[in-house]
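Inspection log for the structure reproduced underneath, given as structure tokens.
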Amino acid sequence: MERLTDSKRLEKDVQIDIHKRPIKIAFFISDEENENNHLILDEIFKYSYTCWGGARFLILPLNSDEESYLEWLSFYDADIVYSYIKLTDEQIQKVENINSPALLIEHDFGNAQKYFPVNISFYNPIKSISTVYSPYIFSYLRNKATNTPISLITQFSPEAGDRFITDNFGNQLDTNMYLNELREVFNTYCLSIEDIPPNNHVGTTLVKSRTEILDLLANREATTVAHLARIHTESIETVINHSLKNAFSIVIGSSVKDRISLWNIRHFHNSDLSDSIYSLIISEEQFNDNCFLKTLGKYLSNLNFLHPGSGPYQVSLFSQSLSLESLEQKKDILQEFTYNSIIVPSYYSKRILPIEYSELKYSLHTKDNSTLSISENPSTIFINGPKHLRYIPLKFQNHGFGDFAIECDIDRHNNLSRYSNVIDKWILPKRAYLSKVFGRKFERISKNGLPISLNGKTVNYFKRSVENEEFQIAINLPEDLDLLNYLLTQKNKYHHADIRNNLPKSKIEYIANSDKGKNFNGVISLFKKLHIASNFLTNMLWKDLFQHASHRNKKEDYLYTRNDLNGFLTKHRNNSFLTYINKKMNFKKPIHASQYLTACFNDALNELIKYKFFHPVYTWNCRYCGYKNLKTVDSIKLYNNCEVCEEQHMTPTGKEFEWEYLLNKFIHKTILEHNGFNVLWALNFIQNIGYKNSFLYLPEVNIYYKDKKSSHINEIDLLGIYDGIFFAGEAKRTAEYFLTDREADKFIDLIEYMSPDEAFLAFGKYSEDETKVEEIKSNLEDFRKRFAAQFKNIKLTILTFEDFIKFSSPAIDFGIRGNNVYAFFEKLDSQ
């Protein structure tokens, strides 16, 4: 059961969807053939098999095909990247851009360069022994009683180079301890080729040959550490490649590349509930042992159920150290011992990479999910551990100690969704340091844009755990300004042991709302939502009204009679627009289009009054002093006094009374005079291109730099995040102004400081001079090329409102369709 503590009251409860999974680790190594690389692989295999989900860790030899392997890393989305090779600054930046793990560290080989064990100091993944109590482990026992302790295979002191058990099945549940039986939990079948002194206890049952081990597995009398390290890992995406997925894989050879192939090929099989791991690595010498091959054939016949859809079960042979001719010979030899169909695929010697054969896709599985809600900010949430920990008996609770990953899908308390029944989510740019804005336990942002906490129980030698304790996470829901401040100011701030800490830091000290930005926010608050404000304020009819008001005396009130407003409607009710409306709405008579537009206009006017765009007022000139008095709908009375001389005036009735409409000067100044119009439509455009229901923005922001010499670059018009993409941009009245007034150079400098994922340039029009339009378009293309040459990883989008209007369908209303339009359609239907 999920529960939480109370802690500042939110206006509305915020829902958090919790997804728990194993920590994912990717290792960078070299695949050059030498003894050190074999020893490194020994340690990676040993460490991985001791971790829950460790059988799904990833090994990437960057020296072979860096781009392809990094693409796989991006798909895998590692929480920790551990490198056994020295990374260049360029490689470090690539890893940060495509993955941004919680920790990116290089292995320390020690002064003698002979220390190879994996050493991750900050995180301790839950051990694979935690799954030994799960009912999933009993799949290999079939109909046997489940209260019987399981049996694990192990090997006592394998000789150097003997890796059949350690590579294929795992040999330890703890990197510092031999695998011995644990009474009431599991027994062991221990392989020892050499004789063991009688006083040495190395296993429940001693086994003298690899053939016997394979036979135990084929008969389902034992299982493996590798099986423990892969069950309950359904939340880790399996790469779908039908050529690899539909056949058992046997790698023949013992080279570094062969061992990497064995490991990575398992990412193509979803075998959580299977008795088989669907891949083995076998040395060339083992193919000379007919007894071994006979048992291998039995293993395949009993445990392989993979096929391409029809025909016999299939086995594919791979090798990066043997020739095709040699593989064909071994195929014929093995075929004599099994009913499976043995093949040598055409790609037998290629590196195991999903992108060489198919697109990266993943299977959908039931995940370890739960949902809770918080009503306070900040809050402390309490969650249960991963679901398989519930099976651990109280006396063995320490087997569930360690860290696991928690992905949090969090509703935004500052919801900007365009839809009334949809709540925006916190989907963020893939920068690990940004996760800290949600709390100290959050470590990175997933490839899906979700903040991830790496959490767990640690050993407490002064307190004995007697129950399945809950895990707690302190969570803070940031304001949009705080989050974007953190994103821009904390760039590449990581732990001193993380090699990304040496990457360039941010030169921005902080950002703040400018006066124009505050005014813009004030306008949006009147309309409640950005898209509602845009629907009205970028509509051509109301844009014409703004333009008209700008030519009036600014010292006077912007008053319009109903006839004045009808004049703007008449201008837009021209023949071409009426014809378009008739066709668009499928009206039967031309008069219906005119009636429809009148209804739309009345609806829009009513809404604009609600949004305080217009204030209905009554005015009269005092008959004594001549002062023009103004009364709002809230203050008008039957008898009103002149504000100057107190002369009484009686409000007329009937046709003598007429409302006038006072245009909100604050909105006019913000949208037209301060260029808020281009900021508004550009932000609305950006929100509309998103499809994940995640959007936040800051308009017209002041930027303050640590380097005082850079103080001239101090404002950005567009700043925010949509669908996890960090964007920044400028909005100007004309592209000509941007290109001629050093604005282009300022923009380049600005993007260099901020490093967004996408940059936007939004213009009202190309130029005030129509004869210069083509020249300006050409200059913009030159600027686009300059931008692309300097910022290879940043997309530039250039927009103009005049093109947007030209290539978009004209709006068929004036901001809204409401009661008057509905009444019009009802009347139309009744005719």
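No lab work stands behind these numbers, since they all come straight from the coordinates. Computed from a predicted model, the values in this text were never measured in an experiment. Cβ placement follows ideal geometry from the backbone for every residue including glycine, while neighbour counts extend to all protein chains displayed.
Skipping prolines and chain starts, which residues have an amide H placed within reach, meaning under 5 Å, of the one on L58, given they are 5 or more residues away or on another chain?
I25, A26, F27
Given 0.36 nm per residue, what is the gain on full extension from N476 to N819 after removing their alpha carbon distance, in nm?
Details: separation 343, 0.36 × 343 = 123.48 nm, distance 4.22 nm.
Full extension from N476 to N819 adds 119.3 nm.
Between E194 and E32, what is the label-to-label distance in nm when each label sits 7 Å out along the Cα-to-Cβ direction?
Taking the two extended label points, one gets 3.2 nm.
Among (i) 108, 55, 24; (ii) 59, 35, 23; (iii) 68, 28, 27, which is the computed semi-axes √(5λ) of the Cα gyration tensor in Å?
Matching the structure shown: (iii).
Ordered by residue, what ³J(HN,Hα) values in Hz, to whole numbers, does region 335-342 give under the Karplus form 6.51 cos²θ - 1.76 cosθ + 1.60, where θ = phi - 60° and Gly and Pro are x?
Taking θ as phi minus 60°, the curve returns 4, 5, 10, 8, 7, 5, 8, 9 Hz for region 335-342.
For region 177-201 and region 236-309, compute the distance between their C-alpha centroids and round to whole Å.
27
Between their Cα atoms, which of K529/K655; K86/K257; K628/K669; K612/K637; K583/K777; K367/K441 are more than 26 Å away from each other? Write down the numbers at each step before the final one.
Working: K529/K655 37 Å; K86/K257 19 Å; K628/K669 24 Å; K612/K637 21 Å; K583/K777 34 Å; K367/K441 22 Å.
Long pairs (Cα-Cα over 26 Å): K529/K655; K583/K777.
Distance from the Cα centre of region 472-519 to that of region 37-110, in angstrom?
If you average the Cα positions of each part, the centres end up 27 Å apart.
Output wanted: per-residue J couplings in Hz (rounded whole) for region 45-60, from phi through Karplus 6.51 cos²θ - 1.76 cosθ + 1.60, θ = phi - 60°, x for Gly and Pro.
Result, rounded to whole Hz: 4, 4, 5, 5, 5, 7, 9, 4, x, x, 5, 10, 5, 10, 10, 10.
Taking 0.36 nm per residue of sequence separation and subtracting the Cα-Cα distance, how much length would be gained by fully extending the chain between S420 and T740, in nm to one decimal?
Working: separation 320, 0.36 × 320 = 115.20 nm, distance 4.35 nm.
Gain on stretching S420 to T740: 110.9 nm.
Taking a ≥ b ≥ c as the square roots of the Cα gyration tensor eigenvalues, with a/c under 1.5 meaning rounded and otherwise prolate when a/b beats b/c, else oblate, which class fits region 242-337? Provide the component values of the computation, followed by the final result.
Values: a/c = 1.56, a/b = 1.19, b/c = 1.31.
Judged from the Cα gyration tensor, region 242-337 comes out oblate (a/c at least 1.5, b/c at or above a/b).
For region 1-130, give me the percentage of DSSP beta bridges that are antiparallel, rounded to the nearest 5 percent. Walk me through the numbers on the way to the answer.
Working: 1 of 13 bridges.
Counting only bridges with both partners in region 1-130, antiparallel ones make up about 10 percent.
Mind checking the full-extension length gain between K86 and S594? Use 0.36 nm per residue of separation minus the Cα-Cα distance, one decimal, nm. Write out the running numbers ahead of the final one.
Values: separation 508, 0.36 × 508 = 182.88 nm, distance 7.28 nm.
Full extension of this stretch gives 175.6 nm more.
So who's got an amide H within less than 5 Å of the one on K491, skipping anything under 5 residues away but keeping other chains? H placed 1.01 Å off N, in plane.
Those qualifying (amide H under 5 Å, at least 5 residues apart or on another chain) are S506.
With the cut-off at 1.5 for a/c, could you classify region 525-577 from its C-alpha gyration tensor as rounded, prolate or oblate? Walk me through the numbers on the way to the answer.
Details: a/c = 2.10, a/b = 1.05, b/c = 2.01.
It comes out oblate by the Cα gyration axes.
What spacing in nm lies between the two simple spin-label points modelled at S157 and R784, each 7 Å away from Cα in the Cβ direction?
If labels sit at S157 and R784, their model points lie 7.1 nm apart.
Can you list residues whose amide H is under 5 Å from V251's amide H, if they're 5+ apart or on another chain and H is modeled 1.01 Å from N?
L280, I281, I282, F318
Apply 1/(1 + (r/R0)^6) to the Cβ-Cβ distance of K395 and D13, taking R0 = 41 Å, and write down the FRET efficiency to the nearest 0.05. Let's see the in-between values first.
Numbers: r = 39 Å, r/R0 = 0.96.
Computed FRET efficiency for K395 and D13: 0.55.
Under 14 Å Cα-Cα from K554, which aspartates and glutamates qualify once same-chain neighbours fewer than 8 residues away are excluded?
Of all the aspartates and glutamates, those that pass the test against K554 - Cα under 14 Å, at least 8 places apart if same chain - are E673.
Treat each spin label as a single point 7 Å out from the Cα along the C-beta direction, and report the Y624 to S550 distance in nm.
Each label point is offset 7 Å from its Cα along the Cβ direction, giving 4.3 nm.
Using a/c under 1.5 as the rounded threshold, could you call region 726-776 rounded, prolate or oblate? The axes a ≥ b ≥ c are square roots of the C-alpha gyration tensor eigenvalues, and prolate needs a/b larger than b/c, oblate otherwise.
Numbers: a/c = 3.18, a/b = 2.09, b/c = 1.52.
The shape class here is prolate.
I need the calculated FRET efficiency for the pair K792 and T570, taking r as the beta carbon distance and R₀ as 35 Å, to the nearest 0.05.
Efficiency at R0 = 35 Å is approximately 0.10.
Going by C-beta contacts inside 10 Å, put T797, T224 in order with the fewest on the left. Walk me through the intermediate numbers first.
Details: T797 16, T224 23.
Sorted ascending by nearby Cβ count, the order is T797, T224.
Here are some pairs, K505/K746; K425/K543; K294/K331; K732/K795; K493/K692; which of them have Cα atoms lying more than 23 Å apart in this structure? Could the numbers behind the result be given before it?
Values: K505/K746 20 Å; K425/K543 33 Å; K294/K331 14 Å; K732/K795 19 Å; K493/K692 28 Å.
From the list (K505/K746; K425/K543; K294/K331; K732/K795; K493/K692), the Cα-Cα distance tops 23 Å for K425/K543; K493/K692.
Of all beta bridges DSSP finds with both residues in the chain, what is the antiparallel percent, to the nearest 5?
Working: 67 of 114 bridges.
The answer is about 60 percent antiparallel.
Give a residue-ordered list of calculated ³J(HN,Hα) values for region 757-771 (Karplus: 6.51 cos²θ - 1.76 cosθ + 1.60, θ = phi - 60°; whole Hz; x for Gly, Pro).
7, 9, 10, 10, 10, 10, 10, x, 7, 6, 7, 6, 9, 4, 6
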